[in-house]
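Read-outs: derived from the displayed coordinates by stated rules, not from any lab. Everything numeric in this text was worked out from a predicted model, so none of it was measured. All Cβ positions, even for glycine, are placed from backbone atoms using ideal geometry, and neighbour counts span all protein chains on display.
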Amino acid sequence: MKLATKLHLFMLGLALSLTSVIVSAQTTTVIKFSHVSPADSPKGKAALRFKELVERNSQRRIRVDVYPNNLLYKESDELEALQLGAVQMLAPSLAKLAQFGLQDFEVFDLPFAFTEKESVARVTEGPIGKTLLRKLESKGMVGLAYWDNGFKIMSGNKRLRVPSDFAGLAMRIHSSKVLSWQMEALGAIPLILDAYEVYPALQGGVVDGAETSPVNFYARKWYEVQSNVTISNHGYLGSAVVVNKKFWDGLPSDLRNTIDLAMREATSYGNNLAEEENAAALQWIKKSKKVKVYTLTAEETEAWRQALLPVHKELEARIGKALVYGVTRDADMRRGSAR
């Protein structure tokens, strides 16, 4: 073969290779997935599992860039960033969604509405949970899944055993009317802080305590700035995985299916992991002796329930009795049918 012909074929092959690279780059869809939890938390690990599954199952037609731990946006401004299209995917706490006119999501903050993981699933995987996710579309978002973060404990620098123990304490909460009413019903002063602000606020005495899941308490090292923990399981902590609607609608149907399937698997993985890691974190907290751990008795739990009943009434007036009743009914069939 003549040298000129060989050179021509080489140049043609090089051109085709470059064209292939360019086309590949042009057809790669990038999803920026931002969240505020540590990368090694259940939410962080679920996000990485989702990334792995989507990239593999789409044959690299989708690339997921995960930004954990407030790396891109703070908790207070991430939803606005999603609506503007600066990121494509988030996993905000359910309490945050109410700030965008989605007050129905406050039902997940109701104290003692859920008793265990299965009671949450009866709501999130049932008609009510699916209806709530559809309401996100009016705000430029599509809801893909619910991710569990666990059940809440209370922390403080004194033992929190009965409602009167909360009198006058400044307690950190997510931005939520329900959580504000909850702390006020207990006699405490609610203070709204982003997750990254809590440690220094506890350290400096700006707030006296907080509510969170055991794994968050452990991961954020609040045991360094709190002396007492009460195992109360008084509330559920969850997130919704949401995607920018304009971005979602612009995807080919096969890629949406790939994302849906990957999200389903990542959700199962993450929710099981959250249950396991919360149990492990609670064991570590107990064994470490870094804080005093107190578990509510049945009588004390009932005293908390009674003190917090007005919160249910206030939420009924805000979002409607039917939704509050429907959630508590589906979460606990026996309790719901007895009302």
Exercise for the section: For the chain, build the charge dipole from Cβ charges (+1 Lys, Arg; -1 Asp, Glu) around the Cα centre, then report which of 240, 227, 250 sits farthest towards its positive end. Expected result: 250
Problem - Fraction of antiparallel bridges per DSSP, segment 153-235 only, in percent to nearest 5 - result: 55
Exercise for the section: Kindly state, to the nearest 0.05, the FRET efficiency for residue 295 paired with residue 138, given R0 = 51 Å and r defined as their beta-carbon distance. Expected result: 0.75
Handout entry: Alpha-carbon Debye profile of segment 146-233, log10 I(q)/I(0) at 0.14 Å⁻¹
Key = -0.42
Practice task
Holding the Cα-Cα limit at 28 Å, pick out from 96/152; 45/287; 74/287; 96/286; 43/221 the pairs that are longer than that.
Solution key: 74/287; 96/286
Problem - Computed helical MRE - 222 nm, the chain, DSSP H runs ≥ 4 contributing -39500 (n - 2.57), nearest 500 - result: -15500 deg cm²/dmol
Problem - Dipole of the chain, positive end: most advanced residue of 204, 35, 306 [Cβ charges, Cα centre] - result: 35
Practice task
Considering only DSSP beta bridges where both residues belong to segment 28-337, give the percentage that are antiparallel (nearest 5).
Solution key: 50
Completion exercise
Everything considered on the Cα gyration tensor (a ≥ b ≥ c; rounded for a/c under 1.5, else prolate if a/b is larger than b/c, else oblate), segment 238-323 must be described as oblate
Problem - Diffusion constant of segment 28-337 at 4 °C, which comes from Stokes-Einstein with the Kirkwood Cα-pair radius and 1.567 mPa s, µm²/s - result: 65
Problem - Distance between segment 21-80 and segment 240-314 - C-alpha centres, whole angstrom - result: 20
Practice task
Can you bin segment 187-339 into rounded, prolate or oblate? Criterion: square roots of the alpha carbon gyration tensor eigenvalues sorted a ≥ b ≥ c, rounded for a/c under 1.5, prolate for a/b above b/c, oblate for the rest.
Solution key: oblate
Exercise for the section: May I ask you to list the residues of segment 235-259 whose amide nitrogen lies under 18 Å from a point 7 Å from Cα along the Cα→beta-carbon direction of residue 39? Expected result: none
Exercise for the section: Would you mind working out the magnitude of the charge dipole of segment 28-337 relative to its Cα centre, with +1 at each Lys and Arg C-beta and -1 at each Asp and Glu C-beta, to the nearest 20 Debye? Expected result: 320
